[in-house]
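Since the structure comes first, as structure tokens, the remarks are kept for the end.
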Amino acid sequence: MMNPDLRREREAAAFQPELLTHVLDGGAERTTRRREIEALVLNDPEFQHEDLNFLSRSQRYEVAIRKSALMVMKLREYGIADPDEIYWFKSMCLGTSVGPLNLHFGMFIPTIKNQGTVDQREKWLPLTCGLQIIGTYAQTEMGHGTHLRGLETTATYDPATQEFILNSPTVTSIKWWPGGLGKTSNHAIVLAQLYTQGQCKGLHAFIVPIRQLGTHEPLPGITVGDIGPKFGYDEMDNGYLKMDNFRIPRENMLMKYAKVEPDGTYVKPLNDKLTYGTMVFIRSIIVGDSARSLSRACTIAIRYSAVRHQSELKPGEPEPQILDYQTQQYKLFPLLATAYAFHFVGAYMKETYLRITGDISEGDLSQLPELHALTAGLKAFTSWIANAGIEECRMACGGHGYSRCSGLPDIYVTFTPSCTYEGENTVMMLQTARFLVKCYAQVSSGQLVSGMVSYLNDLSGQRIQPQQVAARPTTVHINDPASLVEAYKVRASRLVEAAAKNLQGELNRRESKEDAWNRTSVDLVRASEAHCHYVVVKLFTAKLSEISDAAVRAIMTSLCLLYALHGISKHTGDFLQGGILTDAQVTQVYQQVKDLLAVIRPNAVALVDSFDFHDSHLGSVLGRYDGNIYENMFEWAKKSPLNKTEVHESFHKHLKPMQAKL
Amino acid sequence: MAPTRYLRSSASRDVNPDLDIERKTPSFDVEKLTTILDGGAENTRVRRAVEAVIHSDPVFSREDKYFLSQNESYEAAVKKAVHLKKMMHQMKWSWAGPESKYCNRALGGEVAFTLHTVFMESILALSTDEQTAKWIPLAENYRILGSYAQTELGHGTYIRGFETTATFNISTQEFVLNTPKISAMKWWPGELGRSATHTVVFAQLYIKGKCYGVHPFIVQIRSLHDHSPAPGVTVGDIGPKMDFNHNDNGYLLLQDVRVPRENMLSRFCEVLADGTYVKRGSEKINYFNMIIIRVKMLSNEVVPTLMKACIIAIRYSVVRRQSELKPGDQEAKILDYQTQQQKLLPVLATAYAFHFMNEYTNELFSKGYREIKQKNFDSLPELHAFSSGLKAIVTEHSTAGVETCRKACGGHGYSLLSGLPSLYTRLAASCTYEGENTVLLLQTARFLVKCLGAAHSGQPVPPSVAYLSAVNSERCLVRDKRDFLQPDVYVEAYRHVAIRVLSSAAAKLQALVQSGAEQHEAWHQCTVQLVHAAKAHCHYHVVKSFAEAVEKLGQEAGIQRIMKHLCGLFALHGIFSNTGDFLHDGYISGDQVDMMTASYLDLLAIVRKDAVPLVDAFDFTDETLNSALGSYDGHVYQRLYQWARKSPSNTKQANQAYENYLKPLFQNGLSKL
């Protein structure tokens, strides 16, 4: 039976959530297909397992291994091969957790495919696909992450035996963090500095066996293990790897691009831009993850807030739903709007990637640098905001959000490393800034730029007539998304210009370009953020016209306005200082944000229902679709490991002896 | 600097040269600053003596902390608490003395029986003399173990909403306690799940069918012989949480549980034998005791946690090297990047700001306490409003600050061995317990709106809001970026914003009422704005108290200089992060914002030089930090490697999952080849 509060909420919605689900999935057929795939997992008893919250790390790892193995078998059994369908199936299998085989499928196999020669692919791929070989990708070292040139692991070619000798010369050079390395894998692709004929040729990739096939014992010369407990990722055996004069045959270097001949002659690669493509793709996935993780957190927090009653709004009346408090709406609804916004950004990035990689196979790489530079910032922008947003959702659930039964702590700890992996966020922001400053310089020298940065072309005009900037306020209409896109555009161009000018100022004062860059980096990050913010508002606004159902379009327009106006209200300084908005308009923005909260309120539950997360996928007692929270919290708690016996053994071991002595 | 200090826990260690060099030329006397933070050299001495005792005792070792299951954490906390009790007895340290506080600091709070103390405190505060005489000796001698059961599954902040009932039965002279429905179950009380034998239950009192509101009752929940639940009692652990897994937060379901009439704590209200309800005395003193818990929690729990996070992140940031600042040079220390400084140094400044804020608050409360003892309750509303808002912003900023530190350590910050995730997960709970932050801020706002009205009509207002009576300044007069380093300038800017934001919320409130809205509805419509006003008020006070504390450091020129920089950094960071608040009515111009930003960035570079001495001055031992990244000697990587190898996940090279699943998988794979 559905909780009456939630039933009322669902009845009162002004639109059909199912239609919005279709928009999110990219069409009704895709929604149907997704649900079919999810049902395969849901209805399969083999995928059932105990609540992970009550298991030790070792048990969680074991469950994950079992499920990963099962998943591989079932995918083959069902003949699921489409990447999206595999993604749906995997998400349903693993829920919020990660799989120890992720790196095998996500990095080991693709790297061999992309960087191996025909011979290498023929040798290794059948073994990897048959899972006789399980591999991982070992790049990061204990002392080195972002800066790849700093990696210390060496691979020295010995022409006498035609082998590479791998070494971890220092503690800091120990490979550290690779997923699946600690316990699962028997091979790894190791990135190491290649030395041949006495010269260092930079980083290259080598296939290194690390464990004995059959016994799974580490090979002589290999020290390998798990790096210990982490904030999250309990089921992942992130590992360390230390190599001491470990020899592999010459053929184990991936040689599609660079080569080492038998005599030790090094042959340089032709083009290294290609790796950009993979990075763009992974970033688009992280942006999508930002949207999904935040959507899950919003689903839980909003459903719970509709069921939870607290205090009084009107003296003498029953306690209201906490979702009726303006402060609660103000915490949650802007995040709900953000989740939708990021969803559309992720979809856009994926489409763009597919379009451009189409070009790659035909040899047109011209758009790749821009895409690479701009997606870096979007990865950072969305993951930072989603990261903070998930925690806000958790805190908005008060004490119960702190319990693992809410599912929220797990969503947070699983998501938060995305601010670090695949490019630390601040470094990513600075990459985007570098591109923006370059574009600015181009515009300054009279050339036009295109794409998402074309707004910089307007700057030359502004410089001639500074009065125009001051005259802008009258042109912003705070109820018109298109006008708000313009406001964000002006803010971005202003901050890019300010950062570029400050950088120039620093350059005039000192010799070192790097010093000047470092001293401007706070400004540069702000410029990048403003640019990304503009892109998100622009893409959300653009999406509105594609929605055919009027009721859905109406609510999405309100959400889009809320997203844009709330963003302004949190950065009023930029809009005021830039003369983009007046004091009076800023006051109106504050009021309009509150008015929009009231518009969203009756539709809030329907808006999270549209994300269409199945209960078992959500993994939250507070976020259950039926809203029967309290009885299920009690049922859940009874299974806690501390409740295994009525009297805990600590009583006999510690408490009783203490009392006896008194 | 006293070299002996470093010998305590870093004896004969070689220090990583990258960290060592940071300590060569501090601009101030580090040891002296430590004693200032401790409140005097004698306190520093006592603290170190306590730490030496605790750290030399293997029972208190926290080495395996990160590898424990929920059950093991709980057991370890109980074991340590029992041992600590014994040791304090031997050392003749009192629970009320400073040693107890320092023990807790050294052990990172991971000991049981903290709720037992709350149980005793609540009895002392709420009971009659006879009740105190009966229960306190039992509790002091650990004949009974107590808990404090207030929050229910469906009810937290709003005490009037509690559903647990205590019905007086005249014929048996007993109260009958009941949990009428599932949402009424007591839920969350610490040490209730497995340890406690007794608890103070808050329940709606019913006499002859009439409800008299929520009252406290002592209820025995477990047998004193075999620890099994008492008749009518269902009790257990609420399951794993984000942290506090050493604490058995529990649930409690009562079915016709009878307690004698004497078990209602009756200092303020009593039920006579014939069922007459008698109220006596003022509950205000009790109220005072409740708010003082908030204040203590900030200085004993919250701010030290923030300090520890700063130590770990800043020491790691001078050991970690990444990328090149100059081509061909060695990779740079990550603390030399402006973006890293901008993450960590404002957090460091915040830790100092909150430390001095706490000192100010403690003085305020000591004064209040003296007045209240003389039955003068005039300052109570102010103390309540002040502590509510302060608790909210200190916990919010500290929690966010710790997480900033964790993320600033990149991948290694994600490892539990860094110590940072646990600091965060513990502190995150403080935003909810002892008053949910948004609720507290609105309480402060209610007080502020009232005081603003009083100030406008010329009535006297309490000291912390006296500034509302003054005429608000219209323009910031700064002409040069250096002017922004003057405390007068930024304190005034914060004052201006606090008045403006509050005034505009109050005006809006009044406009709504005048246009016909009911008072409560108007209030509801303005809550987002009111929260903003309460935060601005608190932020102003933190800046102001920091600036005043710096003033008082006159005799210590070096320390005063660096503290002034930190104070400026804290203040300007706040302006930099919220320029809109300052620009809004033209108080600060766009040009002035640029000057302020320039000054702010200059301060980052200045504070950078003393960053390591500034965290060293917090003087937390390696054992207390329990961090592979933050140790005094800076041997980050060796320690990370050693600790990881001790992980239980590495005990057997061939693990079970391999035998059970991987091996069949490989074979299956082979068979399909």
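The values are calculated or read from the model by the stated rules, or taken from the named source; none is laboratory data. Quick caveat, the model's predicted, so the values are computed rather than measured. Note: ideal-geometry Cβ built from the backbone for every residue, glycine included; neighbour counts use all protein chains shown. Side chains are part of the model used for accessible areas, which takes the heavy atoms of the whole protein and leaves out ligands, DNA and RNA. Shrake-Rupley method; radii C 1.70, N 1.55, O 1.52, S 1.80 Å.
Want the number for B:Q374 to B:V59: 0.36 nm per residue separation, take away the alpha-carbon distance, what's left? Please list the in-between numbers first.
On the way: separation 315, 0.36 × 315 = 113.40 nm, distance 4.53 nm.
The B:Q374-B:V59 span can extend by a further 108.9 nm.
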What does the protein assembly as shown give for Rg and for Dmax, in Å, if only its C-alpha atoms count? 31.4, 105
Choose one of A:C129, A:P220, A:V608: the residue whose Cα lies farthest towards the positive end of the charge dipole of chain A (beta-carbon charges +1 Lys, Arg; -1 Asp, Glu; about the Cα centre). A:P220
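Roughly how compact is segment A:478-582, stated as its Cα Rg over 2.2 N^0.38 Å to two decimals?
Relative to the 2.2 N^0.38 Å estimate, segment A:478-582 comes out at 1.32.
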Between A:E392 and A:N114, what is the label-to-label distance in nm when each label sits 7 Å out along the Cα-to-Cβ direction? 3.4 nm
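Over chain A, calculate the relative contact order: mean separation of alpha carbon pairs under 8 Å at least 6 apart, over the residue count, as a percent. Intermediate results must be reported in sequence, preceding the final value.
Details: 990 pairs, mean separation 103.4, N = 662.
This gives 16 percent for chain A.
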Provide the three semi-axes, in whole Å and in decreasing order, of the ellipsoid equivalent to chain B as defined by the square roots of 5 times the Cα gyration tensor eigenvalues. 42, 37, 25
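To the nearest 20 debye, what charge dipole does chain A have about its Cα centre, counting +1 at the Cβ of each Lys and Arg and -1 at the Cβ of each Asp and Glu? Can you show the working numbers first?
Numbers: 68 positive and 71 negative charges, 211 e Å.
Magnitude of the dipole: close to 1020 debye.
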Can you give the relative contact order of segment B:241-348 as a percent, counting alpha carbon pairs under 8 Å and 6+ residues apart? 13 percent
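Find the accessible area per residue for segment B:514-566; the probe is 1.4 Å, ligands and nucleic acids are left out, and the unit is Å².
On the way: 2270 Å² over 53 residues.
Counting only protein heavy atoms, the per-residue value for segment B:514-566 is 43 Å².
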What helix-only [θ] at 222 nm does the protein assembly as shown give? Using -39500 (n - 2.57) per DSSP H run of at least 4, over all residues, to the nearest 500, the answer is -17500 deg cm²/dmol
Between segment B:108-128 and segment A:583-619, what is the separation of their alpha carbon centroids in Å? 42 Å
Centroid-to-centroid separation of segment A:13-38 and segment B:506-560 [C-alpha atoms, Å]: 46 Å
Spacing of the two label points (7 Å from each Cα toward its C-beta) at A:K513 and A:D244, in nm: 4.4 nm
Mind checking which of A:G288, B:S631, A:Y87 is farthest towards the positive end of the protein assembly as shown's charge dipole, using Cβ charges of +1 (Lys, Arg) and -1 (Asp, Glu) about the Cα centre? B:S631
Pair-distance profile P(r), taking every C-alpha pair of segment A:1-144, with 10 angstrom steps and integer %: 9, 28, 30, 22, 8, 3, 0
Cα-only Rg/Rh for segment A:503-662 with Kirkwood Rh rounds to 1.24
Förster radius 60 Å - calculated FRET efficiency between A:E546 and B:Q220 (Cβ-Cβ, nearest 0.05): 0.35
Neighbour-limited loop hits for trypsin sites (Lys or Arg not before Pro), segment B:402-478 (at most 14 other Cβ within 10 Å; DSSP other than H, G, I, E, B): B:R475
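Kindly rank B:567-579, B:601-613, B:344-356 from highest to lowest mean number of other beta carbons found within 10 Å of each residue. Don't jump to the answer; show the numbers that get you there.
Working: B:567-579: 23.5, B:601-613: 20.4, B:344-356: 26.2.
Top of the packing list down: B:344-356, B:567-579, B:601-613.
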So, taking all protein chains as they sit and a 1.4 Å probe, how much accessible area belongs to B:V257, in Å² rounded to tens? 10 Å²
Chain A: longest stretch without exposed trypsin sites (Lys or Arg not before Pro) (DSSP loop, at most 14 other Cβ within 10 Å), sites themselves excluded? A:1-272
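Between beta-carbons, use under 9 Å as the cut-off and find the net charge around A:I165, counting Lys and Arg +1, Asp and Glu -1. Write down the numbers at each step before the final one.
On the way: positive: A:R247; negative: A:D158, A:E163.
Spelling it out: positives minus negatives among the neighbours equals -1.
So what's segment B:258-412 giving for Rg/Rh, alpha carbon basis, Kirkwood Rh from the mean inverse pair distance? Could the numbers behind the result be given before it?
Details: Rg = 24.2 Å, Rh = 19.2 Å.
Value, to two decimals: 1.26.
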Cα principal axis extents for chain A, largest first, Å: 86, 82, 62
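If B:D585, B:D616 are ordered by their accessible area, calculated over protein heavy atoms with a 1.4 Å probe, which sequence runs from highest to lowest? Provide the component values of the computation, followed by the final result.
Working: B:D585 55, B:D616 5 Å².
Output order, biggest surface exposure first: B:D585, B:D616.
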With unit charges on the beta carbons (Lys and Arg positive, Asp and Glu negative) and the dipole taken about the Cα centre of chain A, which residue among A:A341, A:L148, A:Y402 sits farthest to the positive side? A:L148
If the cut-off is a Cα-Cα distance under 24 Å, which lysines reach A:K379, setting aside same-chain residues fewer than 8 apart in sequence? A:K90, A:K230, A:K273, A:K331, A:K350, A:K438, A:K489, A:K538, A:K543, A:K570, B:K343, B:K407
Suppose a student asked you for the relative contact order of chain B, using Cα pairs under 8 Å spaced at least 6 residues apart; what percent would you report? 15 percent
With label points set 7 Å from each Cα along the Cα-to-Cβ direction at B:N289 and B:D129, the distance between them in nm comes to 1.6 nm
Across peptide A:61-71, what mean number of C-beta atoms from other chains lies inside 10 Å of a residue's C-beta? 4
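Count the net charge of all other residues whose Cβ sits under 13 Å from the Cβ of B:L145, scoring Lys and Arg as +1 and Asp and Glu as -1. Walk me through the numbers before you get to the answer.
On the way: positive: A:K656, B:K85, B:R143, B:R194, B:R222; negative: B:E140, B:E191, B:D248.
Taking every Cβ under 13 Å from that of B:L145, the sum is +2.
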Quick one: which of A:K656/B:K80; A:K638/B:K80; B:K85/B:K391; A:K653/B:K86; B:K333/B:K609 span more than 20 angstrom between C-alpha atoms? A:K638/B:K80; B:K85/B:K391
Globularity index of segment B:98-244, i.e. its alpha-carbon radius of gyration over 2.2 N^0.38 Å: 1.10
Ratio Rg/Rh, restricted to segment B:13-125 and using Cα atoms, in which Rh is the Kirkwood radius: 1.06
With just the Cα atoms defining each centre, how far is segment A:284-333 from segment B:234-296? Give it in Å. 30 Å
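Tell me, what is the per residue accessible area of segment B:62-174 in Å², probe radius 1.4 Å?
On the way: 4880 Å² over 113 residues.
For segment B:62-174, the solvent-accessible area averages 43 Å² per residue.
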